[in-house]
Amino acid sequence: MSPEDAQALIATDPRNGDVLFPYLGGEDLNQSPTQTAPRWIINFFDWTEEKARSYPDCFAIVEERMKPERAKVKDAAARFWWRFLRPRPELYRTIENMHRVLAIARVSKTLMPLFVSPSQVLNEKIVVFAYDDDFHLGLLSSGFHFRWSIRHGTTLRTDPQYTPSDVFETFSQPELSEEVAAAGQILDAHRSKLMVDSNMGLTDIYNQVHHPSILNEDIQRLRELHVALDNAVRDAYGWSDVDLDHGFHEVHGQGIRFTFSPEVSDNILDLLLELNMERYEAEVAAGRPDKTRVKSVAAKDTSNKQQLLLGDF
């Protein structure tokens, strides 16, 4: 429903605010300058039907709109028709006390994280990271993470699709670094202000970042901040002797991007792979191997499949 309809329901009965939440999707995350959800949704969590019915205004809406659709399916969707099909309670329990969390649109050429409020319903087209710190914002905004995502993620049509099991779980992180955190904070502040001032979302901003002919001061500054961030991440890994050679380079399947040169990218990916294997071997030696660490790395050349994911309903 619209935010106005949601507010009207809350005005009718303040208790309705217990079950009405902004509903943020992947496109909203990348297109809204402020990451504002354009829709609201009724969320009865894992409640019993009796408890849900104690909110009659909202229950009547769900009963009218959802029950007939769920009745067509003879499974849990029909039995618990007033709930989300896959509510992910573990996620919301994990982030409920955080004031912000990192999120990336699952399908996106941008592949950049943003901080969002956990006090909303996050569509499955958003990958949520239970981090609220500037270090992880910086790390996941870096060219290191971008290149690893392109290499080990999948695609949906022509767009990269972020698959956490193949990308995040196999991405070896450096030690926490105050320099990376500071660079991430500065980048986030500049980027957030730029999006608001220009009334552009993340996708439009990075379309300009990756366009060689766009030389305005704010975009140039954002490029400089990415260079500084990447250098800080490089140093955190202990690879300070690597010249990242930032510039406008062709990225396979993605066109021209402002990033490392292809030669540097191959070197960085080799270094990350070596680090991945070193840590895995250390875990094996310690008797506690994490088999997910090398799963996508070993299969990266043969498993680039499209992945269709079910939504929340």
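The values are calculated or read from the model by the stated rules, or taken from the named source; none is laboratory data. Here the structure is a predicted model, which means the values were calculated and not measured. Reconstructed Cβ throughout: ideal geometry from the backbone, glycine too, with neighbour counts over all protein chains shown. Accessible surface areas use protein heavy atoms only, side chains included; no ligands, DNA or RNA. Shrake-Rupley method; radii C 1.70, N 1.55, O 1.52, S 1.80 Å.
Worth a mention:
- Note on the chain: Lys pairs 8 or more places apart or on different chains, Cα atoms under 28 Å apart, count 19.
- In terms of its C-alpha gyration tensor, the range 10-80 comes out oblate, because a/c is 1.5 or above while a/b does not outweigh b/c.
- Each 20 Å bin from zero up to the one holding the largest Cα-Cα distance in the chain carries the following percent of pairs: 29, 53, 18, 0.
- Kirkwood analysis of the Cα pair distances in the range 142-198 returns a hydrodynamic radius of 13.3 Å.
- Overall, the anisotropy analysis places the range 93-155 in the oblate class: the square-rooted eigenvalues a ≥ b ≥ c of its C-alpha gyration tensor yield a/c not less than 1.5, with a/b not exceeding b/c.
- Two-site FRET efficiency, residue 182 against residue 12, from Cβ-Cβ distance with R₀ of 45 Å, rounded to 0.05: 0.45
- Trypsin sites (Lys or Arg not before Pro), loop per DSSP, at most 14 other Cβ atoms within 10 Å - longest free stretch of the chain: 158-290
- Spin-label pair residue 213/residue 78, simplified geometry with 7 Å Cα→Cβ offset, distance in nm: 5.9
- Placing +1 on each Lys and Arg Cβ and -1 on each Asp and Glu Cβ, with no other charges, gives the chain a dipole about its Cα centre of roughly 1360 debye.
- Other residues within the sphere of radius under 10 Å centred on the Cβ of residue 39, judged by their own Cβ, net out at -2 (K and R +1, D and E -1).
- Solvent-accessible area of residue 73, all protein chains in place: 60 Å² (probe radius 1.4 Å, heavy atoms, ligands and nucleic acids excluded).
- Length gained on full extension, residue 190 to residue 65: 40.8 nm, using 0.36 nm per residue less the C-alpha separation.
- For the range 97-192, applying the loop criterion from DSSP together with a ceiling of 13 other beta carbons within 10 Å to the GluC sites (Glu not before Pro) yields 175.
- Tensor-based shape of the range 215-280 (alpha-carbon gyration tensor, a/c under 1.5 rounded, otherwise prolate or oblate): oblate
- Here the range 65-97 and the range 158-236 have alpha carbon centers that stand 35 Å from each other.
- Here the extension length gained between residue 242 and residue 86 equals 51.7 nm, from 0.36 nm per residue of separation less the Cα-Cα distance.
- Value of relative contact order over the chain, rounded to a whole percent, pairs C-alpha under 8 Å and six or more apart: 18
- Each Lys or Arg adds one and each Asp or Glu subtracts one; over the other residues with Cβ under 9 Å from the Cβ of residue 115, this totals -1.
- For the chain, the 222 nm mean residue ellipticity estimated from helices alone, with every DSSP H stretch of n ≥ 4 adding -39500 (n - 2.57) and the total spread over all residues, rounds to -14000 deg cm²/dmol.
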